[in-house]
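Student: Have a look at this one before I ask anything.
The values are calculated or read from the model by the stated rules, or taken from the named source; none is laboratory data. On a predicted model such as this, the values are computed, not experimentally measured, just so you know. Note: ideal-geometry Cβ built from the backbone for every residue, glycine included; neighbour counts use all protein chains shown. Heavy atoms of the whole protein, side chains included, go into the accessibility calculation; ligands, DNA and RNA do not. Shrake-Rupley method; radii C 1.70, N 1.55, O 1.52, S 1.80 Å.
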Amino acid sequence: MRVWQAAFAPPAAELAPQPADLALVFGSVDVFDGPDLAARLASAFPGAVIAGCSTAGEIAGDAVLDGSCTVTAIRFERGGDAVAVEADIASTDDSQRAGEALGEALAARPGLSGVLLFARGVGVNGSALIDGLSSRLPAGIPVSGGLAGDGGAFVRTVVLGPSGVSDSRAVAVGLYGGSLHLGLGSVGGWEPFGPARKVTKAVGNLLLQLDGEPALNVYKRYLGDYARDLPASGLLFPFELLNGNHDSVGLIRTILGIDEAAGGLILAGTVEEGFYLRLMHASTDGLVDGAEQAGAIAAAGAGEAAGDRLALLVSCVGRKLVMGDRVEEEVQAVADRMGPGAVLAGFYSYGEIGPMRDLVDCRLHNQTMTVALLTEH
């Protein structure tokens with residue numbers, strides 16, 4: 001496998017034609033709204049599958065960029081192949097069906113070895129999308145990727161797929177062939193505080209009650225002065241999801257918005273009644289340690305590789321806000337774990353797609369660094 005990468009600020013310079021089977025494109029909404037981006041990419045990578053999304057920050061090498069565009073081209077050399085499929089998500093209610101359609105299309109072709117999924121970051125239930133996709137895939141297929149961002153505005157996000165740029169779509173890239181391997185790692189690095197509270201009323205990703213009290217009231221009480229800045233301050237204090245025994249299930253849920261009338265919190269992923277939630281906070285050092293662990297897990301599961309390796313990093317915009325000027329430290333920690341011969345690419349997202357603790361069952365995460373190490377053996 002050979003990997004080539006370019007990063008540029010808009011307006012984009014002309015890209016020199018490169019032989020590629022897959023090109024991953026991450027950038028600001030302004031980049032994707034620019035004229036003829038899809039056509040210029042198709043000209044630069046004739047015959048390649050081209051996919052990507054808008055971001056809340058771009059990752060290229062060990063650097064974090066803003067307002068730019070990164071293009072990473074992959075050429076398979078041992079029989080690997082990539083195919084992109086897409087599905088419309090006109091509203092949140094379409095998420096499950098869209099995932100099912102993507103999964104059915106990918107599973108119809110033999111030899112599937114992994115999936116990269118990119119979807120709109122607002123107006124979507126990421127948990128339902130991934131559940132729908134996984135329900136139609138063969139057991140054990142690794143899935144990674146993330147929900148698009150728009151610099152932290154949470155207004156309009158876009159994805160890039162076979163039909164071009166869209167603000168109401170999901171695109172899945174199927175990786176085919178026994179030579180391709182996708183090693184996954186996913187770690188948060190947040191610390192819990194306060195008591196666990198039972199989810200007594202929730203509808204999808206709308207959390208309405210904790211211990212029988214309006215969830216918004218509970219959350220505001222714990223945030224104190226930070227409550228004035230909701231929903232933005234919610235990125236700094238996510239929830240940890242616990243089971244009935246108050247044990248962590250390995251998922252974090254970010255607050256994306258508030259519903260004052262209902263007294264509820266709009267979360268980035270689904271929560272179920274009967275589970276428990278506990279507030280979390282983080283330090284930069286803790287998040288960097290978590291990123292390093294994710295990189296180590298992905299690297300350990302990849303094995304020996306022929307040629308270059310591609311490390312796809314998807315991290316949460318909330319982590320970026322906590323770390324501030326030190327945000328590149330978590331990317332550099334992953335780069336150190338990857339070692340020479342690995343090209344790092346990725347983005348800051350509104351939801352990360354990665355494994356649970358069994359390293360197989362992939363779910364929607366929040367406030368997490370996910371690493372997918374693509375190798376060809």
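Matching residues to (1) under 20 Å from residue 313 (Cβ atoms); (2) of a type in the set (Asp, Glu):
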{"residue": "15", "(1), (2)": "no, no"}
{"residue": "25", "(1), (2)": "yes, no"}
{"residue": "28", "(1), (2)": "yes, no"}
{"residue": "36", "(1), (2)": "no, yes"}
{"residue": "48", "(1), (2)": "no, no"}
{"residue": "54", "(1), (2)": "yes, no"}
{"residue": "65", "(1), (2)": "yes, no"}
{"residue": "74", "(1), (2)": "yes, no"}
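Student: Still on this structure, I have one more. Which condition does residue 7 not pass, out of (1) among the hydrophobic types (A, V, I, L, M, F, W, C); (2) part of a strand (DSSP E or B); (3) open to solvent by 40 Å² or more (accessible area, probe 1.4 Å); (4) under 28 Å from residue 177 (Cα atoms), if it passes all the others?
Tutor: For residue 7, the failing item is (4).
Student: Looking at the range 221-236, can you tell me whether even one residue there is of a type in the set (S, T, N, Q), surrounded by fewer than 22 Cβ atoms within 10 Å (Cβ to Cβ), over 18 Å from the mean Cα position of the chain (by Cα) and under 30 Å from residue 344 (Cα atoms)?
Tutor: Among the residues of the range 221-236, at least one is of a type in the set (S, T, N, Q), surrounded by fewer than 22 Cβ atoms within 10 Å (Cβ to Cβ), over 18 Å from the mean Cα position of the chain (by Cα) and under 30 Å from residue 344 (Cα atoms), which makes the answer yes.
Student: Within the range 255-278, does at least one residue satisfy the condition of being in a helix (DSSP H, G or I) and either free of Cβ contacts under 8 Å to residues at least 40 places away in the same chain or more than 21 Å from the chain's Cα centre (by Cα) (or both)?
Tutor: Checked against the condition, which is being in a helix (DSSP H, G or I) and either free of Cβ contacts under 8 Å to residues at least 40 places away in the same chain or more than 21 Å from the chain's Cα centre (by Cα) (or both), the range 255-278 yields no hits at all.
Student: Suppose the filter is open to solvent by 20 Å² or more (accessible area, probe 1.4 Å), among the hydrophobic types (A, V, I, L, M, F, W, C) and out of contact with any strand residue (DSSP E or B) (no Cβ under 6 Å at 6 or more places or on another chain); does residue 196 pass it?
Tutor: Considered against the rule, which asks whether it is open to solvent by 20 Å² or more (accessible area, probe 1.4 Å), among the hydrophobic types (A, V, I, L, M, F, W, C) and out of contact with any strand residue (DSSP E or B) (no Cβ under 6 Å at 6 or more places or on another chain), residue 196 comes out as no.
Student: I need every pair where a residue in the range 59-78 that is in contact (Cβ under 8 Å) with a residue 12 or more places away in the chain and farther than 20 Å from residue 30 by Cα has its Cβ under 8 Å from the Cβ of a residue that is part of a strand (DSSP E or B) and basic (Lys, Arg), sequence separation at least 6 or different chains.
Tutor: What qualifies is 74/2; 75/2; 77/2.
Student: Could you pull out every one of the strands (runs of 3 or more DSSP E) wholly within the range 108-215 that has 1 or more residues that are within 30 Å of residue 286 (Cα to Cα)?
Tutor: Numbers: elements: 112-119, 143-147, 159-161, 164-166, 169-176, 180-187, 197-203, 206-210.
In the range 108-215, the matching strands (runs of 3 or more DSSP E) lie at 112-119, 143-147, 180-187, 197-203, 206-210.
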